[in-house]
1. Take residue A:98 and tell me if it is at pLDDT below 85 and open to solvent by 40 Å² or more (accessible area, probe 1.4 Å).
2. Return yes when residue A:384 is over 21 Å from the mean Cα position of the chain (by Cα) and within 28 Å of residue A:327 (Cβ to Cβ) and no when it is not.
3. Conditions first: (1) among the hydrophobic types (A, V, I, L, M, F, W, C); (2) over 17 Å from the mean Cα position of the chain (by Cα); (3) more than 7 Å from chain A (Cβ to nearest Cβ). Residue B:60 passes all but one, so which condition is the exception?
4. Output yes when any residue across region B:96-103 is open to solvent by 30 Å² or more (accessible area, probe 1.4 Å) and of a type in the set (Lys, Arg), and no when none is.
5. Among the residues of region B:101-111, is there at least one that is facing another protein chain (nearest Cβ under 8 Å), modelled with pLDDT of 95 or more and under 18 Å from the mean Cα position of the chain (by Cα)?
6. Need the failing condition index for residue B:53 against (1) in contact (Cβ under 8 Å) with a residue 40 or more places away in the chain; (2) buried (at least 19 other Cβ atoms within 10 Å of the Cβ); (3) within 12 Å of chain A (Cβ to nearest Cβ); (4) in contact with a helix residue (DSSP H, G or I) (Cβ under 7 Å, 6 or more places away or on another chain), just the number.
7. Consider only pairs whose beta carbons are under 7 Å apart and that are at least six residues apart or on different chains; among these, list those whose first residue lies in region B:162-180 and is in contact (Cβ under 8 Å) with a residue 24 or more places away in the chain and whose second residue is of a type in the set (Asp, Glu).
8. Looking at A:376, A:445, which one is under 25 Å from residue A:475 (Cβ atoms), surrounded by 23 or more Cβ atoms within 10 Å (Cβ to Cβ), in contact with a Ser or Thr (Cβ under 9 Å, 6 or more places away or on another chain) and in contact (Cβ under 8 Å) with a residue 40 or more places away in the chain?
Amino acid sequence: MVDKNQQVIDKTLEQEYKYGFTTDVDQTKFEPGLDEEVIAKLSKIKNEPEWLLEWRLKAFKNWKKMSEPTWAKIDYEPIDYQALSYYAAPKQKKNDSLDDVDPEILETYNKLGISLDEQKRLEGVAVDAVFDSVSIATTFKDELAKHGVIFCSFSEAVQDHPELIKKYLGSVIPATDNYFAALNSAVFSDGSFVYIPKGVRCPMELSTYFRINATNTGQFERTLIIADEGSYVSYLEGCTAPMRDENQLHAACVELVAHKDATIKYSTIQNWFSGDKDGKGGIYNFVTKRGNCLGDNSKISWTQVETGSAITWKYPSVIMQGDNSVGEFYSVAVTKNKQQADTGTKMIHIGKNTKSTIITKGISAGEGQNTYRGGVKILKNAENAQNFSQCDSILIGDKCGAHTFPYIDVKNPSAKMEHEATTSSIGEDQLFYCNQRGIKLDDAVSMIVNGFCKEVFEELPMEFAVEAKQLIEVTLENSVG
Amino acid sequence: MIKIKNLEASIDDKTILKGIDMEIPAGEVHVIMGRNGSGKSTLANVIAGNEAYEVDSGSIAMNDTDITEMSIENRALEGIFLCFQYPVAIPGVGMAYFLRSALNAHRKHQGKDEMDALEFLNNAKAILSELGLDDSFLKRSINDGFSGGEKKKSEILQLLTINPKLAVLDETDSGLDVDALRTVAKGVNKFKNENNSVLIITHYQRLLNYIKPDVVHLMIDGKIVESGDMSLVEKVEKDGYSWLEK
């Protein structure tokens, strides 16, 4: 059986990535290279206020003094930051009507199953579509505006709501936070901006769809979500990229701010190109995501399903500053072929009675390496803080690996901490049991893996839970024999 | 129904079955008894196609179709059902989902339409009440945190839902209290009819007080050494197996 498993695992690794096509579109693209001039040019194209350019330049100055972090359990060729282009955009300017969007680009999103046509779009989901460095369309803006909800591209927000940007940009992830965050702060091009006013429950799911198309271009998006007092928002991001032989860099920053009694639910389905079976190509995904539960009784919940990227370096975190605030992290990370994922979370308890939950499911197949890295920090004044962590890993085949690095730092003796971790292989006995009931091997594997991930999938909005389940099924097709 | 000819099988190069000949016609209940390690459970696993075992010679046929080389799921679809001695837990996979997937795999193989959720639920509920199980059983994860009795009842629920041609009960009676034993027996009796067959592997007479076997086989060291009627069971209960050794 083991040999047969291996054969079928090998077969899986030859499977093609469904979203690997490229779009032929007229584009404006910077020459490779990064210096103050490039940043100034970028800022000028975007018609940014003087303070923002200064903020970028300050970040760049800091970045130059920093060095790339090496503590993660990932292995890759050094990135030549001067060989990348820092801006690529379809030649057309963004317009209010979809009629003005390049049909090629609309077709791209259709192929990805994302219709930007509001009539055809899933009911109750508004979409912002980001193509390379710019946002090309945002749907349902008028409908959302009726509720006072602002949902637009980051660039538009800089023009239309500069006071909000100035107040919150960098308030959760300072420009000097880490190497990749500093780089992003210097060169970020676009992303989404969300503001939910006091007491408003956002009437639909908000979603951003990121697509990297251009070659040798880094994507540096910046997303900022602010939930004012007593508001609620559920936000989802999806990501894909063409298959290219060279590695592409994606270094995003996502900042969330939850005021008193507000809740932000942020879900990610990440399916960037992961490289071919020999590990050639694929996205380097170095992402900083952090939320601040600023007000009392606020809540931030991260849910991620990570199946793509050659390298994933990502630790969505929550700072629980307000009393009784809640931070949650639910994660499914799949690595196959030569994919490497070093992902987890940081929960920082500052306020009293703060509570955090971490549930992670790592799935490794092929030669994939899956690392959970998580930190829980209970500060001195965080009376009665509670954390529950559960980190489970499942191995498919015998060439992959799962690693768990939990860091716990408790400065207040009233804290209550629980940590559980398991690693198991998909059991031959489980497969035998399913097969004996007439269930085919592929179906049995996806059934067992989906069962394993159930606690996380339950946290996703309904439509996306189905998508996530299918994504896992496709990803693991033929992974056991 | 099932015909086993000169079956030899091994695990990790150790020969366990040393030439089994056996035939169970439709409508009959057969029993295999024997000491621990005599090869009874190996036979059950080899019939089901467990790939941990190697078939070294001989053949197994279901209704004249040779299944010796067939995959586990295709044998299952041909009508072989194994009530596991130690049913494995699959966390996060609901009983209802699992059972309906299994049932529909069989229906598809038989050229029937898939059973819809409502019809399935009504069927399953009727079986559950006969087994003295609550409807909430369907919402639990397969065998996850089940008591010994619940695990065996879950196997019987699956047997009655899938309704195969041959049911192989691998020590289903082990570790059951009297009430659970009666429930299991009731389920098996409900299952059996003139068109299907049952193979019971057991150490004890007690299950056979509720399910009347047509033929009893005694197994020693990978071979069937004696076949007969219920009186063999009584003899084993009284005298053990040593009288069979030459």
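1. In short, yes.
2. Yes.
3. Here residue B:60 meets the rest and fails (2).
4. Yes: one or more hits.
5. Yes, region B:101-111 contains at least one residue that is facing another protein chain (nearest Cβ under 8 Å), modelled with pLDDT of 95 or more and under 18 Å from the mean Cα position of the chain (by Cα).
6. Of the numbered conditions (1) in contact (Cβ under 8 Å) with a residue 40 or more places away in the chain; (2) buried (at least 19 other Cβ atoms within 10 Å of the Cβ); (3) within 12 Å of chain A (Cβ to nearest Cβ); (4) in contact with a helix residue (DSSP H, G or I) (Cβ under 7 Å, 6 or more places away or on another chain), the odd one out for residue B:53 is (2).
7. That search, which allows pairs on different chains as well, returns B:172/B:155.
8. Testing whether each residue is under 25 Å from residue A:475 (Cβ atoms), surrounded by 23 or more Cβ atoms within 10 Å (Cβ to Cβ), in contact with a Ser or Thr (Cβ under 9 Å, 6 or more places away or on another chain) and in contact (Cβ under 8 Å) with a residue 40 or more places away in the chain leaves just A:445.
The values are calculated or read from the model by the stated rules, or taken from the named source; none is laboratory data. Note that this is a predicted model, so its numbers are computed, not measured. With ideal geometry, Cβ positions are generated from the backbone for all residues, glycine too; neighbour counts draw on all protein chains shown. Just so you know, the surface numbers come from the protein's heavy atoms only, side chains and all, with ligands and any DNA or RNA stripped out. Shrake-Rupley method; radii C 1.70, N 1.55, O 1.52, S 1.80 Å.
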